Amino acid sequence: MRTRALTYDGTFPGPLVVSRSGRPLTISHVNETSAPTVVHLHGGHTPSASDGYPTDLIEPGAAREYTYPMTQRASTLWYHDHTMDRTGEQVYRGLAGMHVIHDDEDDALPLPRGPRDLPLLIVDRAFDAEGQFAYPTEPPRTRHGSGNEQGHGVIDDESVEGVLGDVVLVNGAPWPVDEVSATRHRLRILNACNARRLELALDPPPAGGDAFCQIGSDGGLLERSRPHDVLPVAAAERFDVVVDFSRWPVGSQVDLVNRAGSGPTARVMRFVVTRKESDDTAPTDRLPDRLSAIEPLAVEGPATRLWRFTRGEVHGHDGWTINGRVFDPERMDAVVPLDTVERWRFVADMHHPVHVHLDPVQVLGRGGGSPGPADHGWKDTVSLAPGEVVDVAVRFTAHRGRYVLHCHNLEHEDFMMMAAFETV
Ligand code: C2O
Ligand code: CU
Ligand code: CU
């Protein structure tokens, strides 16, 4: 069976974009679909006009150039649809891809590269009997006052919690198998699910544990690597890890599993360790203790802004709010001066992966304590557990204009859990 998808350039995921820090990039998008679209480079330090504000639509038949200055560190980003009210559906139908930025610092480290550098875009999807993406939409009606003349449905109210699938796709393939040599590999893990949280582990674990050596997070390299047995990856988060497949005997099957899933969603993909690497380009050197330098954002005093992520009423329906309000693209919920460090506090009633556009943040603490084991480095998406309070240090630079912050459970976002801010 073949699945029809909405695509960037004909493939799902969209083409892997590889760019170079400091080298500006322009990407032209021509909308040949029948619905409006908006493109956002997630993790991009992007001028407002190219950031993909939810109402900056590319109408069907129209085109738009997005310019990216690429004045940012090497990191693993992704691009995806960001259309007002319809992001969940359009991403689910295929509008997502990865974008890897390289720079001299990352290049100089003895890290696996080429075929040993694997971007892994992980999603869950449900399929109907004809093998098509089964996104729960209702016939056209008016929600949030935005009528939909193209005859596309809108998400039904049942899906307010977030849309889950029962098939796990990695780079578009269900539960794929990859043959790897018994060497170190760099896995750039992206949770591109609409709503599913993953807890990734390798099964069987290597003798001695610490299957994953984390080298980077959303915003690029960590200061030093960190070992993990289990990686909690909320929607939109990225974890850049090194796995040394020489820790398993040749012939082993090593499954990437999801401890937060059950049945079919507990499996993600399989690695088969095929051979000892004779090729001496295989990096065998140990990782240096120090990978990079991260300037700690210094904040004194209490949080200056509070963002409360809670369930609420949205235009007479069940939905999601920030500080009790639903998203209004015309209303700026905060005006933030550039080059100023602020302490922001996020409070959640249930699981919400909170994403801030324009610049990454640093997690200062959780629940009054220190940051969690997966909070290190520069983060653009911070996972909040039910009832949790997380403080982050925020500093916006270079670009003045309007941006958004929102929950990256895409149905929460479409059901209005988004706020706008303006940098000045
Ligand atoms: Cu990945 Cu505002 O989005
Ligand atoms: Cu983003
Ligand atoms: Cu949410």
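For GLU130, the solvent-accessible surface with a 1.4 Å probe is about 120 Å², rounded to the nearest 10.
Accessible area per residue was computed with a 1.4 Å probe on protein heavy atoms; PHE309 scores about 0 Å². Ordered by solvent-accessible area of protein heavy atoms (1.4 Å probe), largest first, the residues LEU338, LEU187 come out as LEU338, LEU187.
In the stretch 365-424, the portion of solvent-accessible area held by carbon and sulfur atoms comes to 54 percent [1.4 Å probe, whole percent, DNA, RNA and ligands not counted]. Averaged over its residues, the stretch 223-354 has an accessible area of 50 Å² per residue, based on protein heavy atoms and a 1.4 Å probe.
Simple spin-label estimate for GLU105 and ASP229 gives 3.2 nm between the two label positions (7 Å along the Cα-to-Cβ direction from each Cα). You can think of it this way: the chain between LEU164 and LEU306 has 48.2 nm of extra reach, that is 0.36 nm per residue less the Cα-Cα gap.
Ligands, DNA and RNA left out, the 1.4 Å accessible surface of the stretch 195-336 is 47% carbon and sulfur atoms. Only residues of the stretch 5-19 count here: report those whose backbone N is under 18 Å from the spot 7 Å along Cα→Cβ of ALA63, or say none. Answer for this model: 8-10. Taking the Cα centre of the chain as origin and assigning +1 to Lys and Arg Cβ atoms and -1 to Asp and Glu Cβ atoms, the resulting dipole is close to 600 debye. In the context of the full set of protein chains, the stretch 1-126 has a per residue accessible area of 38 Å² (1.4 Å probe). Using a Gaussian network for the chain with springs between C-alpha atoms less than 10 Å apart, which of these wobbles most: ASP85, ASP328, ASP218? Result for the chain, Cα springs under 10 Å: ASP328 fluctuates most. Heavy-atom accessible area, probed at 1.4 angstrom with all protein chains present, ranks LYS379, LYS276 as LYS276, LYS379, highest first. The calculated FRET efficiency for the pair ASP128 and VAL341, based on their C-beta separation and a Förster distance of 60 Å, comes to about 0.75. Counting only protein chain heavy atoms and rolling a 1.4 Å probe, the accessible areas of GLU313, GLU105, GLU158 rank, largest first, as GLU158, GLU313, GLU105.
In plain terms, the chain from ASP318 to THR26 could stretch by 101.2 nm, reckoned as 0.36 nm per residue minus the Cα-Cα distance. Per residue, the convex hull around the alpha carbon atoms of the chain comes to 141 Å³. Modelled spin labels at ALA393 and MET350, positioned 7 Å past Cα toward Cβ, are 3.4 nm from each other. Could you pull out which residues in the stretch 81-103 have an amide N less than 20 Å from a spot 7 Å beyond the Cα of THR55, following the Cα-Cβ vector? Of the residues in the stretch 81-103, 81-88 have backbone N under 20 Å from the label point off THR55.
In this Cβ point-charge picture (+1 for Lys and Arg, -1 for Asp and Glu), the stretch 173-262 has a dipole of about 140 debye about its Cα centre. For the options ARG305, ARG197, ARG93, a Gaussian network treatment of the chain with springs between C-alpha atoms closer than 10 Å singles out ARG305 as fluctuating the most. Over the chain, Cα pairs under 8 Å with separation of 6+ residues give a relative contact order of 16 percent.
Of the accessible area of the stretch 1-119, computed with a 1.4 Å probe over protein heavy atoms only, carbon and sulfur atoms account for 54 percent.
Work out the FRET efficiency for ARG259 and GLU179 from their Cβ-Cβ distance, taking R0 = 25 Å, and round it to the nearest 0.05. Approximately 0.55, to the nearest 0.05.
Taken about its Cα centre, the stretch 209-265 carries a charge dipole of roughly 60 debye when the Cβ of each Lys and Arg holds +1 and the Cβ of each Asp and Glu holds -1.
The values are calculated or read from the model by the stated rules, or taken from the named source; none is laboratory data. What you see is a predicted model, and the numbers here were worked out from it, not measured in a lab. We place every Cβ from the backbone using ideal geometry, glycine too, and count neighbours over all the protein chains shown. Heavy atoms of the whole protein, side chains included, go into the accessibility calculation; ligands, DNA and RNA do not. Shrake-Rupley method; radii C 1.70, N 1.55, O 1.52, S 1.80 Å.
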